[in-house]
């Protein structure tokens, strides 16, 4: 996927790492790079954290992540974890584990499941580049979760089906193109929905998450299917209900009647997709299951809504970057809005919407001096890498410039949309849609944050930001 912006920084994520980190051995335990010649899986270390360390990992990282909701956020627990500084505590735990156990993935045994905690940025790069083989994006937990509302989505497709479904997604979403081929249509949809929201608020009206998300949901339906779908709230309601069950993955039975109704509505929406909509670019060949692919797009747009709403908090911050991005919204015409796109990317870097990225090994793997059996779930805690002050000088600042000069794109530990063969194919389409919506929403208006927390500081940004608690006013237009 091409870099956003015009920086010249080397993209380490797309090139081989000279780290000697990973070898993927077959059943015979083939030696990996960095091992003595002839070393095999039988000689590799298998030790993991001590009981007290595992307990702390559970308390500060894994349990809070599950409590917040991996597929759809739960307002109560999101608020509690953010208020308690959960992301900061989790990062501290991971940093101490790395200091004690080294850079290599740390083996874990969780509820009878083989897992490994990824602790070094270069290992994140290798893991994502070597997807889907030997590291599948569709592990057991993800298959269990997505079965609730998109059982044939590309991420959980079988090996023989995945390539053509991925190709269909890419043909419709046009990854690598900052401006989608139907960008003018996307802009019209974004403008209409943003203007309707601003008009509904009026002067003095408070923009909270409920009102904002309803508007952004309508925008998502517009962009995916066309203007006629803007009023189709039932489809989004069904999706949210199914996603709530998906938080429990395979531990919750599939609500088959709700899923059947949802997927039938998706089929009808895809069949009626209007020219210029994303779904109009999906094929209809046998086995493609376009309703499942489009279901994932609606799911992903919910994360985009969180990012846009948090971006309003960044635009009202005391950072110089906020002034520059607001100025772009006021004066820049056309579809290319690099600073607003960078603001959105910073929102996801600072407060990731995907809390943990998971890849499951398809065969035995030797990584540095440890061996991992087939079926190991490799866990990447996004916030730990995105806010690593030992590696990133801008870790806790709003720094949109790092997306323009190549620094963020070149860091293997920064993965707001993932990357590699299973990277989000909708990245550019989402950034285009969200930046255009953001411009129209704030242009000519006095944007202010009015909840109890007040504006974000110029530096030392909080490790967590509860989007459910944010409140804004959008008075205007200014004279």
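List of remarks:
- Out of 344, 339, 278, one residue alone is farther than 30 Å from residue 149 by Cα, in contact (Cβ under 8 Å) with a residue 40 or more places away in the chain and out of contact with any strand residue (DSSP E or B) (no Cβ under 9 Å at 6 or more places or on another chain). It is 339.
- Members of the range 363-376 found to be crowded, with 23+ Cβ neighbours inside 10 Å and farther than 14 Å from residue 130 by Cβ, listed by number: none
- Only residues that are modelled with pLDDT of 95 or more, within 16 Å of residue 223 (Cα to Cα) and either outside any loop (DSSP other than H, G, I, E, B) or over 26 Å from the mean Cα position of the chain (by Cα) (or both) were counted in the range 268-299, giving 18.
- For the condition surrounded by 17 or more Cβ atoms within 10 Å (Cβ to Cβ) and either closer than 30 Å to residue 97 by Cα or touching a residue at least 40 places away in the same chain (Cβ under 8 Å) (or both), residue 203 does not qualify.
For (1) surrounded by fewer than 14 Cβ atoms within 10 Å (Cβ to Cβ); (2) modelled with pLDDT of 85 or more; (3) touching a helix residue (DSSP H, G or I) at 6+ places or on another chain (Cβ under 6 Å), each residue gets a yes or a no:
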{"site": "37", "(1), (2), (3)": "yes, no, no"}
{"site": "45", "(1), (2), (3)": "yes, no, no"}
{"site": "51", "(1), (2), (3)": "yes, yes, no"}
{"site": "95", "(1), (2), (3)": "no, yes, no"}
{"site": "105", "(1), (2), (3)": "no, yes, no"}
{"site": "112", "(1), (2), (3)": "yes, yes, no"}
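- Residue in the range 155-164 that is at pLDDT 95 or above and either under 23 Å from the mean Cα position of the chain (by Cα) or not in a helix (DSSP H, G or I) (or both) present: no
- Within the range 450-466, the set of residues being touching a residue at least 40 places away in the same chain (Cβ under 8 Å), over 22 Å from the mean Cα position of the chain (by Cα) and closer than 19 Å to residue 387 by Cβ comprises 456, 457, 458, 459, 460.
- Sole exception among (1) part of a helix (DSSP H, G or I); (2) surrounded by 21 or more Cβ atoms within 10 Å (Cβ to Cβ) for residue 188, by number: (2)
- Whether a residue is touching a strand residue (DSSP E or B) at 6+ places or on another chain (Cβ under 8 Å) and either part of a loop (DSSP other than H, G, I, E, B) or at pLDDT 95 or above (or both) was assessed, and residue 198 passes this test.
- Take the conditions (1) surrounded by 23 or more Cβ atoms within 10 Å (Cβ to Cβ); (2) assigned to a loop (DSSP other than H, G, I, E, B); residue 123 misses just one of them, which is (2).
- Among residues of the range 339-358, those that are surrounded by fewer than 19 Cβ atoms within 10 Å (Cβ to Cβ) and in a helix (DSSP H, G or I), counted: 0
- Among residues of the range 152-173 that are more than 14 Å from residue 278 (Cβ to Cβ), those with a Cβ under 6 angstrom from a residue that is part of a loop (DSSP other than H, G, I, E, B) and at pLDDT 95 or above, sequence gap 6+ or separate chain, pair up as 152/289.
- Hits in the range 70-86 - residues which are outside any helix (DSSP H, G or I) and within 16 Å of residue 240 (Cβ to Cβ): 70, 71, 72, 73, 74
- Options 310, 241, 289, 267: the member that is farther than 22 Å from residue 194 by Cβ and buried (at least 19 other Cβ atoms within 10 Å of the Cβ): 289
- Yes/no for residue 89 being surrounded by fewer than 21 Cβ atoms within 10 Å (Cβ to Cβ), touching a residue at least 24 places away in the same chain (Cβ under 8 Å), in contact with a helix residue (DSSP H, G or I) (Cβ under 6 Å, 6 or more places away or on another chain) and in a helix (DSSP H, G or I): yes
- Some residue of the range 409-428 being crowded, with 21+ Cβ neighbours inside 10 Å and over 22 Å from residue 300 (Cβ atoms): yes
- For the range 361-383, the condition of being outside any strand (DSSP E or B) and within 23 Å of residue 302 (Cα to Cα) holds for at least one residue.
The values are calculated or read from the model by the stated rules, or taken from the named source; none is laboratory data. Owing to the predicted nature of the structure, the values given are computational and were not obtained by experimental measurement. In this analysis, Cβ positions are derived from the backbone assuming ideal geometry, glycine residues included, and neighbour counts consider all displayed protein chains.
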